[in-house]
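Worksheet: the structure to be examined is printed underneath.
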Amino acid sequence: MTKGSAGRNGRRHGRVESPPPDLALGTTVSTDPAAIARDTMSYDAVVVGGGPAGLACAIDLKRRNPSLTVCVLEKAAQLGAHALSGCVVQADAMDALLPDWRAKLAALDGGICVPADADAFYLNTKGSRLRLPTPPQMHNRGNAIVALTQLVALLGREAEALGVEVFAGFAGAAPLCSDDGPSSQGRVIGVRCGDMGVLHDGTPGPAFAPGVDIHARVTVLAEGCRGSIAKQLIARFALDAGHQPQTYGLGFKELWRLPPGRVQPGRIEHSIGWPMDAGTYGGSFTYHLSDDRVYVGFVVGLDYADPELSPFECFQQFKHHPSVKALLEGGELLAGGARALIEGGWQSMPTLEMPGAVLVGDAAGTLDAPKIKGVHMAIRCGMAAAEHLVAHELTTTGFDAAWRATPWARDLKRVRNIRPGFRWGLWLGLLNAAWETVTFGLSPWTLGHHADHESLRKRGERDLDEKSVRDWYPRTLPPRDRLASVYFAQTAHDEAQPAHLKVRDTSICATRCAIEYGNPCTRFCPAGVYEMVDDVSPEGRGGKRLQVNAANCVHCKACDIKDPYGIITWTTPEGGAGPNYSNL
């Protein structure tokens, strides 16, 4: 490796070798002598993704067997820069991983670790709100409000202290597979890091550096929600066979500093209702921090039907609800971002093992949607993977069954019917949630999901036109628009590199999609990446064409999920590019 090749701790345990001739990238790598020569490094375990699941797994692997060589690949320029979550942490998981984590977080400059003090749950109408009983799953006494960016950075330091090699700024771009697996799909033997210095047309530039191939006895995929390598391997090994389609939400989060006296440290508020219509799943969170700071956020289920819906605008309208605007007005927006959440739960989790690799955390679909929490589940899943792998000499067979037998996976099974119950609308969804809660999830049925990209209804279909014309509040709070919000995410991409958002057939955008759905990508993207502009080329004939502003991307993955034609694919940009979240 050239960029930070030894990691931040200066150690380098991986062996550099020549790639074997039977190496495969996704399917097969060319053995043509003219192919790019790449360095190869070998480890016992490579963890793709430096979030809570990946770092928990790496830490536990080294604690259980210090002789193992373990490396972590993280696409962000520094650990935590791409991490985004609510984030109320269920403390028991962190207590098991790092007992003194609260003190270490609080000791950081500007550290955020606020004990949860009080919960409130509201039903919003446009002009008022009604307090409801807080669902049992959302009681937070004993938990803590943290900044996930800080928590991830802390876990990274703990991992490095144990001898884990952490390579920040190196994106795992593609899986490496050999042909010697137990089936025709072969076996995962590692990952390839993305190339550096590629020009916009895909050719190597003057600063070109080929990505390193990382070989490992076991690969742990901890890329988070809708991971690009996980997506490829789920398809290759048919890991989703026999499971329900996955469903997602798009979450927004902002950090504000408010005038003195407004913040009640430790107060946790959630709401449902306006600005969502009764048929669209979504809700808000407001978490009161220390030092006059507050987190405010909103989640929109990506199974929504209205092609005119703009999740970004829904969040901004929530902020202009009278109860919320009174809190925020006169304050300063410090930071913000957006990220997809994986909400399918028990029935949508794919098989978590394949020859040579396992899925953990949000890449595995372990988020507990009724609790609105995923960090503790990610940590538990990462630790469960480490325990299984060490006990079975890094063999992946049996991990899926081992995870599903854990108390935390059983928690997911108990609440499996709550999220899909909202497909019938808000009121029946709440009634179903109450039933599943009082019966402890013992219903003899399991409700199904549908793929989010199939849920959009075409323009002009009954009941949609009136939803599309909404009575919104005039907006006065920042940010003024989606492009301004990109500033608060501090996102940055080298515009000389190829666009990492691949649209397979752009002709659909100006024809079928424009007619059938009105180009919903121009609304569901929270960063204004997709734009229909006048086509002034000779072939355009005065029509429209899709312009992809890839430099705006905040890596939320909504486009990869919600595109109704399935022609958009999110791939990793050059390592280190993307948002640079701070204190979120």
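I need to check one value: relative contact order of the chain, counting alpha carbon pairs closer than 8 Å and at least 6 residues apart, in percent. Over the chain, the number comes to 19 percent. Arranged from fewest to most other beta-carbon atoms within 10 Å of their beta carbon, Cys314, Cys177 become Cys314, Cys177. Highest mean packing comes first when the peptides 39-50, 560-571 are listed by Cβ atoms within 10 Å, giving 39-50, 560-571. Please name whichever of Leu430, His453, Thr476 sits farthest to the positive end of the charge dipole of the range 405-536, dipole taken about the Cα centre and charges placed at Cβ: Lys and Arg +1, Asp and Glu -1. Result: Leu430, furthest along the dipole toward the positive end. Simple point charges give the picture: +1 on the Cβ of Lys and Arg, -1 on the Cβ of Asp and Glu, and for the range 484-570 a dipole about the Cα centre of about 220 debye. Of all lysines in the structure, the ones whose alpha carbon falls short of 16 Å from that of Lys557, not counting any fewer than 8 places away in one chain, are Lys75, Lys231, Lys253, Lys502. Spatially, the range 339-408 and the range 137-161 are offset by 18 Å when compared through their Cα centroids. The equivalent ellipsoid of the range 484-570 has semi-axes of 22, 15, 12 Å, largest first, where each one is the square root of 5 times an eigenvalue of the Cα gyration tensor. Diffusion coefficient (Stokes-Einstein, Kirkwood radius over C-alpha pairs, 4 °C, 1.567 mPa s) for the chain: 53 µm²/s, rounded to a whole number.
Selection among Val486, Met532, Gly566 by position relative to the dipole of the range 484-570 gives Gly566 as farthest towards the positive end (Cβ unit charges, Cα centre). Karplus-based coupling profile of the range 108-115, in residue order and whole Hz: 5, 5, x, x, 10, 7, 10, x, with θ = phi - 60° in 6.51 cos²θ - 1.76 cosθ + 1.60 and x standing for Gly or Pro. Dipole check for the chain: with +1 at the C-beta of Lys and Arg, -1 at the C-beta of Asp and Glu, and the Cα centre as origin, the magnitude is about 1060 Debye.
Have a look at Ser184, Leu148, His243 and report the one farthest towards the positive end of the charge dipole of the chain, computed about the Cα centre with Cβ charges (Lys/Arg +1, Asp/Glu -1). About the Cα centre, the residue reaching furthest to the positive side is Leu148.
Read the figures in this text as sums done on the coordinates, not as results from a lab. Nothing here was measured: the structure is a model prediction, and the numbers come from that model. Counting neighbours? That spans all protein chains shown, and the Cβs are built from the backbone with ideal geometry, glycine included.
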